[in-house]
1. Can you give me the C-alpha center-to-center distance between region 21-74 and region 156-225, rounded to a whole angstrom?
2. How large is the Kirkwood hydrodynamic radius of region 27-258, in angstrom, based on all distinct alpha carbon pairs?
3. Working from Cα positions, state the angle (0 to 90°, nearest 10) between the long axis of helix 86-97 and the longest principal axis of the chain.
4. Taking R0 as 35 Å, what's the FRET efficiency between residue 80 and residue 161 from their Cβ-Cβ distance, rounded to 0.05?
5. In nanometres, what is the gap between the two model label sites at residue 202 and residue 103, each 7 Å from Cα along Cα-to-Cβ?
6. Which of the peptides 128-139, 28-39 is most tightly packed, and how do the rest follow, going by the mean number of other Cβ atoms within 10 Å of each residue?
7. Using alpha carbons only, how many degrees (0 to 90, rounded to 10) separate the axis of helix 118-144 from the longest principal axis of the chain?
8. For residue 114 and residue 172, calculate 0.36 nm times their separation in residues minus their Cα-Cα distance, and state this gained length in nm to one decimal.
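What follows draws every value from the coordinates through simple rules; no lab data is involved. The structure displayed is predicted, hence computed values, not measured ones. Cβ atoms come from the backbone with ideal geometry, glycine included; neighbour counts cover every protein chain shown.
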């Protein structure tokens, strides 16, 4: 019904949230591995780009005597990775549709998606990243003081003093809580915004609904992301070359399994 020639608001059908099991998550991870192999060169290029970016940031932090920021920066990867994986979503979509993989086609799809609300979603996760880095700085100064200027001094103080151990426990707890919150908001919303022309608030609500409807499966997926991210950090970001595209492709398949198709 319309009033004075003004069209009534569009009523979109409710978005279907499907039940998911841990096996579904593992199947999505296996599908992500298949996509990684099928689009090996394109996928690994994204991994190399992210790994190089990590190395550059770490070198800059060490150059400016800010070693205490290296660890929280690595943990913050989980906050911003979904936005950086948009190109990987397109690779998976093209593989599933039987379309050829070309850099021009991938770039065109990413540019098209960036014109939607995915930019606003990136702003949400970017803000979370800033908040986490501020909290990490406050915790570091509060527990370790202002005298940590080298990696060896930082590691020694963290693992050999009571205040360092308290910093490690509290920092990891706070970081995990923030990461889980952002995960709930973004795990479905980023691939959904890439795939559909919807607003970012609807996408975030759908993401949270999916996590609440499937807590066990989603917690397992969160743990897998955290584990592979930790391995990447321990390998000095070398692991990102493979793990980042693997997680990006698998995220696409988690989304496709968790949410019904667009009407």
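1. Region 21-74 and region 156-225 have Cα centres spaced 16 Å from each other.
2. On the way: mean 1/r = 0.0543 Å⁻¹.
Evaluated on region 27-258, it is 18.4 Å.
3. The helix 86-97 is inclined about 40 degrees to the chain.
4. Using R0 = 35 Å, I get an efficiency of 0.65.
5. Using points 7 Å along Cα→Cβ, the separation is 3.5 nm.
6. Values: 128-139: 16.1, 28-39: 18.9.
Highest-to-lowest ranking by the protection proxy: 28-39, 128-139.
7. Between helix and principal axis, roughly 20 degrees.
8. Working: separation 58, 0.36 × 58 = 20.88 nm, distance 3.26 nm.
Length gained between residue 114 and residue 172: 17.6 nm.
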